[in-house]
Structure formats: structure tokens, C-alpha cells
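A short reminder: the numbers here are calculations on the coordinates, not readings from a lab. Values in this document were obtained by computation on a predicted structure and should not be read as measured data. In this analysis, Cβ positions are derived from the backbone assuming ideal geometry, glycine residues included, and neighbour counts consider all displayed protein chains.
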Amino acid sequence: MTEIRLLFAALPKMLSEILREAASGDPELRIVEEMTSLEGIAEVAARARPDILVVGSDGSSLPKACVRLMYDLPLAGALAVSRDGRPVSAYRLRPQVSAMENASTREIVAAIHELSLPPPELRD
């Protein structure tokens, strides 16, 4: 079983609780750190070494501090989740953005799994 390490940052409390519960139901997902803001995210991410960053966003774009992390750390990807949990945008380093309108928690968990894999062209 592959472990997918998650860092939650700047998510509204209720959304964080919903996603934490969804992640706890998946044996491959492990939340390694939770932050209530983006302050100090570079240092926390360097220490926690997440595979996927799940971050709250005012829109569907990835906050600038998180874009920098995509280049500085070997993240598999990041999810920018709007305050109401919809829409969600998935990012890879290339960058590749995949918008998901009205995403359910199941779709968010599926997106986490997808982001943890190599890009399709590099898969065996």
C-alpha cells in the first residue's frame, strides 16, 4: 500500500473537518500537518515533506506561496479548494490545472490519489 502524505493549509474549519474525515476513511491517505493559515508554509512543508498540498483558496487559483512550493519541493501536486469546497483545481508542476466544478469529497479524495501518481505519460 502506498502512503500519500497530505498537508492541509488555510482551509476553513468546517471544510478541514470534512476533508479530514474523508481522508481518514482511506488507508492510503495520511495528514502529516494541518495549518490554519499559509504563514510559514515553506518551513512546515520542508519539515513535513507532503506528497500533496491541499490548500484553501479565495478562488480556484493556487496561492502564490504554494506555487513556489511546487518548484522548491518534490510535491506530486496541490489542490486549491475554494472556501465552500467547490470549485477545486488540481495542479502539477508542469503546470497542469484541472478544474472540477462542484466537487464532492469523494471526487476530492480521487483527485488526491490521481495527483500522487506520475503523469500519465510516465506511468508503466
Inset, instruction - Give me the net charge of Glu107's neighbourhood, meaning all other residues with Cβ under 11 Å from the Cβ of Glu107; Lys, Arg count +1, Asp, Glu -1. - result: 0
Inset, instruction - Would you mind counting up the charge near Met35? Only other residues with Cβ under 12 Å from its Cβ, with Lys and Arg at +1 and Asp and Glu at -1. - result: -3
Inset, instruction - Determine the sum of side-chain charges near Pro12: Lys and Arg each +1, Asp and Glu each -1, restricted to other residues whose C-beta is under 10 angstrom from that of Pro12. - result: 0
Legend entry - Separation in nanometres of the label points that stand 7 Å from Cα toward Cβ, at Glu107 and Ala46: 3.7 nm
Inset, instruction - Rank Leu19, Leu79, Leu53 by mean-square fluctuation in a GNM of the chain with C-alpha springs under 10 angstrom and give only the top-ranked residue. - result: Leu19
Inset, instruction - State whether the stretch 4-122 is rounded, prolate or oblate according to the following rule on the C-alpha gyration tensor (a ≥ b ≥ c being the square roots of its eigenvalues): a/c under 1.5 gives rounded; otherwise a/b larger than b/c gives prolate, and the remaining case gives oblate. - result: rounded
Legend entry - Linear extension gain, Val67 paired with Ile18, 0.36 nm per residue minus alpha-carbon span: 15.2 nm
Inset, instruction - Please give the FRET efficiency for Ser98 paired with Glu39, using the beta carbon to beta carbon distance and R0 = 22 Å, rounded to the nearest 0.05. - result: 0.20
